[in-house]
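Below is one structure, written out as structure tokens, with a few remarks after it.
The values are calculated or read from the model by the stated rules, or taken from the named source; none is laboratory data. Quantities reported herein were computed from a predicted structural model and do not represent experimental measurements. Here Cβ is always computed from backbone atoms with ideal geometry, including for glycine, and neighbour counts include all displayed protein chains. Please note that ligands, DNA and RNA were not included when accessible areas were found on the heavy atoms of the full protein model with its side chains. Shrake-Rupley method; radii C 1.70, N 1.55, O 1.52, S 1.80 Å.
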Amino acid sequence: MFALVDANSFYCSAEQVFRPDWRGKPLIVLSNNDGCVVAANRQAREAGVQKFVPFFQVKHLCAQRGVNVCSSNYELYADLSAKMMSIVGRFAPEQHIYSIDESFLSFKNSFPAIPCLMTQAQLIRRTVWKETRIPVCVGIGTTLTLAKAANYAAKKLPGYQGVCVIDNDAKRVVILKLMKVGDVWGIGRRISKRLEQMQIFSAYELACMPLGLARKQFSIEIERTVRELNGVVCKEWDQVRADQQQIFSTRSVGERITCYQDLVQALSKHAAIVAAKARQQRSHCKSMILFANNSPHDALPVNYKTIVEFPCPTNCTAELTRAVSAAAPKLFKPGVRYYKIGVGLLDLASESYQQFDLFDVPQGNPQLMQALDGINGRYGRDTLFLAAQGIEQKWAMRRDMLSPQYTTRWRCLPKINCV
């Protein structure tokens, strides 16, 4: 048996942890530079505010309907996610963190000792709420895909109240008949349209699809999905979330970049972000791409990019930053008002199979990077950073409605007045 623990509107729920006066009220969270709505809780959606729309289009509606608005507080979200995952991990010997707000548990070696899976799921939900004040839904099934379906039922279907266990065929059939085929894990928009053209509209109809037809018309992955919907385990942790083959960090800037030094600082910042992500999945890169653009709405849109090759694959922030400084002159043109910049790591390879060169000695410093990641992981992002990123980052993204970083900055600690 597998469980999926998924936070409800995680960004919004994280904002409400230290603002109990916001609980039960409409709330949205905006993207980088406060551009568009990336998260909206149920109350905000009922008020008419939908996700992925530009904020300026719904700004008046938010003010009219009393919707609270927050800029993205990534530091807070990451810290609360780590706490939530730590709590969830106590309930099973095997845990797989799928995303910032989703975690799978495997009861493979402990299920016989659990008298009631429904009681266990309710306990997980209560414990996470008690210790973090983050509401979650728990779905349990015999496969990872059915656990996803159970979580869908716990969150979207009436009567389940945040917890659903698919432990027999009757429950499986009822829930799959109530799910649209596009809501099945692994079925994207394009595939769901093709399935609907084949008169397959529900998850149950997909589960009844002949295996040979699923493979012939689509792929072996869709065949595995069909098998999983029928209770046959086909997916494992490594298949659920494989390492990325490319890692990018791109962002529009809060204030246009017009000088060379600011461009180097911004690129160095993004190089540090992608380097940390590469180390997290234990990968090294063989090449790096840098690019810098002005706005496509400018009178003369321009797009500059360059690729840096490394003699020895690396994930060292210091080495990538040196490469940025050497390559930046190829991107900077006087008079251009840069709006969007980014860094990408290409040709990623696992550090377990790193190929060394007889004549080129690796320039990275793994011990230094381990210390850097350890400190930033414990005390918050950018507690330590390279000076090349700059101290006063005027180009940093605009977050005019940023809430305090309650758990990662001393000056943001909540204050309690005792009378």
### Task
From ALA292, ALA271, ALA276, grab the single residue that is part of a strand (DSSP E or B) and either at pLDDT 90 or above or open to solvent by less than 60 Å² (accessible area, probe 1.4 Å) (or both).
ALA292
### Selection count where residues are assigned to a strand (DSSP E or B) and either open to solvent by less than 20 Å² (accessible area, probe 1.4 Å) or modelled with pLDDT of 90 or more (or both), scope the range 330-346
6
### Qualifying positions in the range 142-157 - among the hydrophobic types (A, V, I, L, M, F, W, C) and crowded, with 20+ Cβ neighbours inside 10 Å
LEU144, LEU146, ALA147, ALA149, ALA150, ALA153, ALA154
## Note on the structure
Residue pairs qualifying under the 6 Å Cβ cut-off, at least six apart or on distinct chains, with the first in the range 146-164 being among the hydroxyl-bearing types (Ser, Thr, Tyr) and the second being assigned to a loop (DSSP other than H, G, I, E, B), are none
### Query
Within the set of pairs 6 or more residues apart or between chains, which connect a residue that is without any contact (Cβ under 8 Å) to a residue 24 or more places away in the chain inside the range 71-92 to a residue that is surrounded by fewer than 20 Cβ atoms within 10 Å (Cβ to Cβ) with Cβ atoms less than 7 Å apart?
MET85/ILE97; GLY89/GLN95
### Query
What number of residues in the range 160-181 are under 29 Å from the mean Cα position of the chain (by Cα) and among the small types (Gly, Ala, Ser)?
1
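Residue-by-condition table, conditions (1) among the hydrophobic types (A, V, I, L, M, F, W, C); (2) surrounded by 14 or more Cβ atoms within 10 Å (Cβ to Cβ); (3) modelled with pLDDT under 90:
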position	(1), (2), (3)
ILE247	yes, yes, yes
VAL253	yes, yes, yes
HIS297	no, no, yes
TYR304	no, yes, no
THR321	no, yes, no
ALA328	yes, yes, no
GLU351	no, yes, yes
### Query
Does SER103 satisfy being over 26 Å from the mean Cα position of the chain (by Cα), touching a residue at least 12 places away in the same chain (Cβ under 8 Å) and open to solvent by less than 30 Å² (accessible area, probe 1.4 Å)?
no
### Query
Considering CYS316, CYS259, CYS312, CYS234, which residue is without any contact (Cβ under 8 Å) to a residue 60 or more places away in the chain and open to solvent by 20 Å² or more (accessible area, probe 1.4 Å)?
CYS259
#### Entry: Residue check for GLN64: without any contact (Cβ under 8 Å) to a residue 12 or more places away in the chain and open to solvent by 30 Å² or more (accessible area, probe 1.4 Å)
yes
### Task
Sort through GLY139, GLY162 and tell me the only one that's open to solvent by less than 10 Å² (accessible area, probe 1.4 Å), at negative phi and in contact with a strand residue (DSSP E or B) (Cβ under 8 Å, 6 or more places away or on another chain).
GLY139
### Message
Among the residues of the range 169-191, are any among the β-branched types (Val, Ile, Thr) and open to solvent by 70 Å² or more (accessible area, probe 1.4 Å)?
### Response
yes
### Task
Within the range 16-39, identify whether any single residue is in contact with a Phe, Trp or Tyr (Cβ under 7 Å, 6 or more places away or on another chain), modelled with pLDDT of 90 or more, among the aromatic types (Phe, Trp, Tyr) and closer than 30 Å to THR145 by Cβ, and answer yes or no.
no
### Query
From the residues in the range 393-403 that are modelled with pLDDT under 75 and of a type outside the set (S, T, N, Q), which one is surrounded by the most Cβ atoms within 10 Å (Cβ to Cβ)?
TRP395
### Query
Restricting to helices (runs of 4 or more DSSP H) lying wholly in the range 178-266: which have 2 or more residues that are touching a helix residue (DSSP H, G or I) at 6+ places or on another chain (Cβ under 6 Å)?
189-197, 203-207, 211-217, 220-229
### Query
If we only count helices (runs of 4 or more DSSP H) wholly inside the range 1-96, which ones have 2 or more residues that are polar (S, T, N, Q)?
10-17, 55-65, 74-88
